[in-house]
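Heads up, the thing below is written out as structure tokens.
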Number of protein chains: 2
Amino acid sequence: MPSVDICFSPELLPLYQLEGRVAVIVDILRATSSIVTALANGVTHVFATAELDECTALGRQHGCLTAAERNGVQAEGFDLGNSPFGYLPGSALETRGRAVAISTTNGTQALRRSLGADAVVIGAFLNLQAVADFARRQQKDVLVVCAGWKGQFCLEDTVFGGALAERLADTFDVRSSDATLAALHLWQQAKPDLEGYLLQSAHVRRLNHLEAHQDFAFCLRLDEYPATLPIWREDRLVNLGDR
Amino acid sequence: MPSVDICFSPELLPLYQLEGRVAVIVDILRATSSIVTALANGVTHVFATAELDECTALGRQHGCLTAAERNGVQAEGFDLGNSPFGYLPGSALETRGRAVAISTTNGTQALRRSLGADAVVIGAFLNLQAVADFARRQQKDVLVVCAGWKGQFCLEDTVFGGALAERLADTFDVRSSDATLAALHLWQQAKPDLEGYLLQSAHVRRLNHLEAHQDFAFCLRLDEYPATLPIWREDRLVNLGDR
């Protein structure tokens, strides 16, 4: 029976085996939620970079849009910030049919350090079912890699891990890792009022302070895009659902 | 208002500031529970080492007892294993009035990496109140350092962190760290039946398999030694309560 394990910080990745596993990268607020929203709404592919200048360079090289935030607000000289609303119909900039280079510190770190896995996919509450379906088809051990907040444990990514473990619990072993057990318990507490529960989180309070409450509420919608699965191919994220 | 934060693995310590803080080292099963029990029952001081041969050398150098386990059983050539029962009245070996060199991989790592803190103390459920009282007197930020299991997140150490945060919640900030929030939630779930709750843990099941269930139940007793506080002085752990 394949298992679900959860790595609470990219800093802990050296302790985990990646080969033979599916890595699910999670940065609920807001990188992975934005990437899922982008690919679900017609963005052709996404480049993920840590540094702002690398993001600008990729934008020029590939003639694609650029998206970046620093300290919670859109960085100067970039087409988009880190909000999923930038990719929704009716937003100021048409993103459908375009590629986007996204700069995100925590999310990119988690992604780049996980490339040794058999498959690297992007998870968010928005595409929870797509991630669960993919894991089921692969029948391999799953490692949820939480981007965390500057390397530290972060509640919303952990609770996502618990939600995924719950969806997989019938055919995956979710009880042999203490991290997964803890995430499951936290998810079960959070589930009846996910928004209220996560509003306690330090990171969430920081974000709300930045008037991103609208983003926060959107990022917690379960299965908004149940067939969108961003997957790493060569040097970019594409939507497996498009294939 | 000073704060309580929790570091889930010694591997994450580089992300935390130690200076100005009180570090509470936790390895509930069983290193820190054994150290508390030893000092509460008349052991004069404890040396903590990672390696077996260093432990033997310390034993010779200081003419003290040696305690070590590997894979859950007493290591050959050592006076004691890693069980707190070795220090209780009526055990095979008289330990009262003696010093002990203890070898413990996870616990020693956590301890050695935390020495930059203003004070380094040993925490366990057995001396929870002593730790809380000390933190209150210091009025400094507290960092609970979980020894974990081979660097990975471990449920029983985390739940201890939650229990300590609860005791300090009236005069410490326990809500500005997601790790502390999560630990508090897990502790509140665990509290009504701590033994039953922790029996789910992978590490605990491993230990019970090794017929250490008696140790497990003992290590979960709350405030068995409410005035015993092992504290690091120069090169050893002594009982602050003895001073």
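What are the residues in the range A:54-71 that are open to solvent by less than 20 Å² (accessible area, probe 1.4 Å) and modelled with pLDDT under 95, if any?
Taking the range A:54-71 and keeping what is open to solvent by less than 20 Å² (accessible area, probe 1.4 Å), we get A:55, A:59, A:64-68.
Answer for the range A:54-71, where residues must be open to solvent by less than 20 Å² (accessible area, probe 1.4 Å) and modelled with pLDDT under 95: just A:Ala68.
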Would you be able to say whether some residue in the range A:197-219 is crowded, with 23+ Cβ neighbours inside 10 Å, part of a loop (DSSP other than H, G, I, E, B) and not small (Gly, Ala, Ser)? no
Given the conditions (1) open to solvent by 10 Å² or more (accessible area, probe 1.4 Å); (2) touching a residue at least 12 places away in the same chain (Cβ under 8 Å), every one holds for A:Tyr87 apart from (1)
Any idea which residue in the range A:166-196 is most open to solvent (accessible area, probe 1.4 Å), counting only those that are outside any helix (DSSP H, G or I) and more than 9 Å from every other protein chain (Cβ to nearest Cβ)? A:Asp170
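When you look at A:Leu29, is it without any contact (Cβ under 8 Å) to a residue 24 or more places away in the chain and under 30 Å from A:Thr180 (Cα atoms), yes or no?
Answer is no for this residue.
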Please work out which residue is nearest to A:Thr105 (Cα to Cα), limiting yourself to the range A:138-165 and to residues that are away from chain B (no Cβ under 13 Å) and open to solvent by 10 Å² or more (accessible area, probe 1.4 Å). A:Asp141
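The values are calculated or read from the model by the stated rules, or taken from the named source; none is laboratory data. Note that this is a predicted model, so its numbers are computed, not measured. Note: ideal-geometry Cβ built from the backbone for every residue, glycine included; neighbour counts use all protein chains shown. Note: areas computed on protein heavy atoms with side chains; ligands, DNA, RNA excluded. Shrake-Rupley method; radii C 1.70, N 1.55, O 1.52, S 1.80 Å.
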